[in-house]
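*Asks:* Dropping the structure in here first, questions after.
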Amino acid sequence: MSEQAEQPYAEIIQHAEQQRAQEQQLDVDEETVQLVVFKVEDKMLAIPGCHVRELVPVGEIVYVPGTSELFLGVIPIRGEIASVLYLARLLGLSTHARPRTPSHRILMVVKEEMSTGVLVDAVADIIQTPKSAIQPHPSTLDPQMALLAEGQILFGTEPAPVISVTALFRQLQELCA
Amino acid sequence: MNPISSDQACILLVFEIMGVRIGMDARQIARTTDCHLPLPPATNRYYFHERVSFRERLSDYLAPVILHPAPHLALDGVIVVDQLQAMRTIDCRNIHRLPRWLASQQTPFWGVALLEDGLVLLADLTRLLPRQSHA
């Protein structure tokens with residue numbers, strides 16, 4: 001094959017290598033965050049993965065009479081007892097829990113000495129995303145959601161508010177005081 | 001203060017109300033009597049579900065039993081519970097505090113016993129019945 005004929009391919013390869021190098025540079029420079037993306041009442045939401053200790057299939061949740069309707073009850077987990085938050089009610093999305101399905105999960109959410117299980121309808125994905133992909137949430141966001149959201153991402157084409165664990169526990173402290 | 005302070009074993013009187021399994025420190029109970037037997041005159045009778053909200057759950061009592069508080073507690077009246085089960089001797093290491101979000105609310109429960117056959121909520125009778133008033 002002549003040198004002239006090889007030339008266009010060489011350019012393509014060089015261009016591709018440059019592109020890859022740029023992308024790698026971006027990957028190294030850009031801080032990423034892990035998010036657990038989940039569904040509650042047909043609404044897509046996300047929460048930082050660093051605060052999710054584990055995802056637990058839903059077994060029996062023992063109702064505790066005399067406690068706030070924000071909580072469904074308690075569960076045993078690894079020899080301890082955890083509360084189960086009914087997030088849909090806290091967000092004003094629902095007042096009655098849906099019938100449980102195999103896709104329901106409890107996210108064990110932890111920050112410092114505070115923790116609770118959070119019932120979700122399904123976990124959609126666990127993603128690693130650049131921090132810059134978390135955009136400010138729109139001003140049209142539901143006020144209750146806006147209290148808890150630290151921003152939002154696009155999950156596919158669907159906006160998913162990112163729940164701030166700090167805001168979540170702050171609100172629980174206010175409501176359960 | 002929790003009514004059980006021993007770090008060894010404790011005896012629970014376990015019953016069930018509207019599908020919720022509840023245990024009470026046996027030292028808080030003087031005796032149990034059939035719900036159909038007459039009570040001494042002027043004895044106040046309280047149903048468990050009247051003293052704590054079960055939200056919209058139906059207040060059906062299938063096999064009601066009266067718990068009489070131990071005299072040293074100086075509590076007024078008696079409390080009606082349902083479906084009395086066996087006395088359970090449990091290792092106190094299986095008793096846990098209620099999670100903070102639930103413990104901070106108005107509830108008669110002070111802990112949860114983690115048993116082989118599930119969870120039992122631990123109720124404090126002094127949070128359920130009023131104190132005796134001495135005229």
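*Asks:* I need the full set of residues from segment B:79-106 which are in contact with a helix residue (DSSP H, G or I) (Cβ under 8 Å, 6 or more places away or on another chain) and farther than 20 Å from residue B:68 by Cα, in order please.
*Replies:* Listed by number, the residues that qualify are B:97, B:101.
*Asks:* How about segment A:35-65: which of its residues are assigned to a strand (DSSP E or B) and without any contact (Cβ under 8 Å) to a residue 24 or more places away in the chain?
*Replies:* A:62
*Asks:* For segment B:1-118, give me every one of the strands (runs of 3 or more DSSP E) that falls completely inside it and has 1 or more residues that are open to solvent by 60 Å² or more (accessible area, probe 1.4 Å) and either modelled with pLDDT of 90 or more or over 30 Å from residue A:109 (Cβ atoms) (or both).
*Replies:* In segment B:1-118, the matching strands (runs of 3 or more DSSP E) lie at B:9-17, B:29-34, B:45-47, B:87-91, B:95-97.
*Asks:* Take residue B:104 and decide whether it is without any contact (Cβ under 8 Å) to a residue 24 or more places away in the chain and either polar (S, T, N, Q) or at positive phi (or both).
*Replies:* yes
*Asks:* Anything in segment A:91-103 that is open to solvent by 10 Å² or more (accessible area, probe 1.4 Å) and either under 17 Å from the mean Cα position of the chain (by Cα) or aliphatic (A, V, I, L, M) (or both)? List them, or say none.
*Replies:* Across segment A:91-103, the qualifying residues are A:93, A:97, A:103.
*Asks:* If you don't mind, another one. Which residue out of A:128, A:171 is in contact (Cβ under 8 Å) with a residue 60 or more places away in the chain, polar (S, T, N, Q) and surrounded by fewer than 13 Cβ atoms within 10 Å (Cβ to Cβ)?
*Replies:* A:128
*Asks:* Would you be able to tell me the number of residues in segment B:110-135 that are without any contact (Cβ under 8 Å) to a residue 40 or more places away in the chain and farther than 19 Å from residue A:114 by Cβ?
*Replies:* Matching residues across segment B:110-135 total 7.
The values are calculated or read from the model by the stated rules, or taken from the named source; none is laboratory data. These numbers come from a predicted model, not from an experiment. Reconstructed Cβ throughout: ideal geometry from the backbone, glycine too, with neighbour counts over all protein chains shown. The protein model used for the area step is the full one, side chains on, heavy atoms only, and it has no ligands, DNA or RNA in it. Shrake-Rupley method; radii C 1.70, N 1.55, O 1.52, S 1.80 Å.
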